[in-house]
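Below: one structure, written as structure tokens.
The values are calculated or read from the model by the stated rules, or taken from the named source; none is laboratory data. Please read all numbers here as calculations on a predicted model, not as lab measurements. Using ideal geometry, Cβ is built from the backbone for each residue, glycine included, and neighbour counts are taken over all protein chains shown. Heavy atoms of the whole protein, side chains included, go into the accessibility calculation; ligands, DNA and RNA do not. Shrake-Rupley method; radii C 1.70, N 1.55, O 1.52, S 1.80 Å.
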Amino acid sequence: MTLKLGWSEVWKRKLIASSWWRRRQSTEGFWDKLARHYNEVAKRRMKGIPLNDVIELLNVDENSTVLDVGGGPGTYAIPLAKVVKEVTVVEPSKGMIECLKENMDSEGVSNIRIVNKRWEDVELSEIGQHDTVLASHSLAMLDLDGALLKMHRATRRRVVIMTFAGPRYGFYPELYEKVFNEKFIPGPDYIDVYNVLYDLGIYANITIKSIQRKETYRTIDDAVKRWASWLMIDESDKMDRIREVLEKYIEPCDEGLCFRREFKEAIIWWDVREVKPIG
């Protein structure tokens, strides 16, 4: 008999306690507001995705179908749709879906099916089974064990999850504490995802790699405005606090001004044909 350690409850408590969760409240509303900005970032990232590596990781080919959970504006769905039979994107934010449709048009992609729902609310009968399920940085779900089990049951081959490993915010904690006068509390980490899977009897594979990112802005005013949106504030005194922190870290670059940061990304995956979950 396997002892249930309750890691899903640990995940839930960490998520609810995190500054990210408490400040954003409605995840869909937050991404609706920031969809346009995020889309510009995502379009640049699409061009740099090592597609051959992703195809190998997902174990897909031209006859495969992929389910992208929380696919946003198509960061992975657009490149994948050009090489697989069909991609289904489950995305709760209407703003993100508008961007996804525009990107499909501009990239000449028509084999993406869109489901405008939270993953928690999707019935498997709506989407059917796919060869591979991908969830890239989209696990803002309170019932994580239920969400992971649904991904497991939605695929014939493999589930692949991409999430953060360790600190990934750069100067964000300093900025948060300066603006809100309260301690920044990070959310759960990759190890919490792994522990939930372990609790379910899924002994997943993990690879951790270093990621380098550069965020560019034309002026410091643009940077302040964008970070105020991320923080969901508009008070003028707090704008001054944002500027004070950003000016410490922003630097000149070819595009104008930029922030550089490096963080670790965990890739967690398992083959469903080799696993029979407890749940």
Mean accessible surface per residue for the chain, computed with a 1.4 Å probe while every protein chain stays in place, in Å²: 50
Sites R261 and D234, calculated FRET efficiency, Cβ-Cβ separation with R0 30 Å, nearest 0.05: 0.75
Angle in degrees between helix 7-17 and the longest Cα principal axis of the chain, rounded to the nearest 10: 20
Gaussian network model of the chain, springs between alpha carbon atoms under 10 Å - residue of L257, L197, L58 with greatest fluctuation: L257
Crossing angle, helix 190-199 versus the chain [Cα axis fit, 0-90 degrees, rounded to tens]: 20
Cα long-axis angle, helix 94-107 against the chain (0 to 90 degrees, to the nearest 10): 80
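How far, in nm, would the chain grow between F184 and D143 when pulled straight, counting 0.36 nm per residue and subtracting the alpha carbon separation? Intermediate results must be reported in sequence, preceding the final value.
Working: separation 41, 0.36 × 41 = 14.76 nm, distance 2.34 nm.
Here the answer is 12.4 nm.
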Contact order normalised by residue count of the chain, Cα under 8 Å, 6+ apart, percent: 21
Extended-chain gain in nm, criterion 0.36 nm per residue less alpha-carbon gap, R213 and R13: 69.0 nm
Among V196, I220, H137 - extreme Cα towards positive end, dipole of the chain, charges at beta-carbon: V196
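So in the chain, what percent of DSSP beta bridges are antiparallel if you round to the nearest 5?
Looking only at bridges with both residues in the chain, the antiparallel portion is about 55 percent.
Heavy atoms only, probe 1.4 Å: what % of the accessible area of the range 148-223 goes to carbon and sulfur, would you let me know?
About 49 percent, which is the carbon plus sulfur part of the accessible surface.
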Dipole of the chain [Lys/Arg +1, Asp/Glu -1 at C-beta], most positive-end residue of V54, P173, M239: P173
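Per-residue ellipticity at 222 nm for the chain, helices alone: DSSP H runs ≥ 4 residues times -39500 (n - 2.57), over residue total, nearest 500 deg cm²/dmol?
Result for the chain: -13500 deg cm²/dmol, rounded to the nearest 500.
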Inter-centroid distance (Cα atoms) of the range 182-226 relative to the range 88-162, Å: 19
Chymotrypsin sites (Phe, Trp or Tyr not before Pro) within the range 185-279, DSSP loop, no more than 12 other Cβ atoms inside 10 Å: Y203
Contour excess over end-to-end distance, with Cα ends at N59 and K117 and 0.36 nm allotted per residue: 18.3 nm
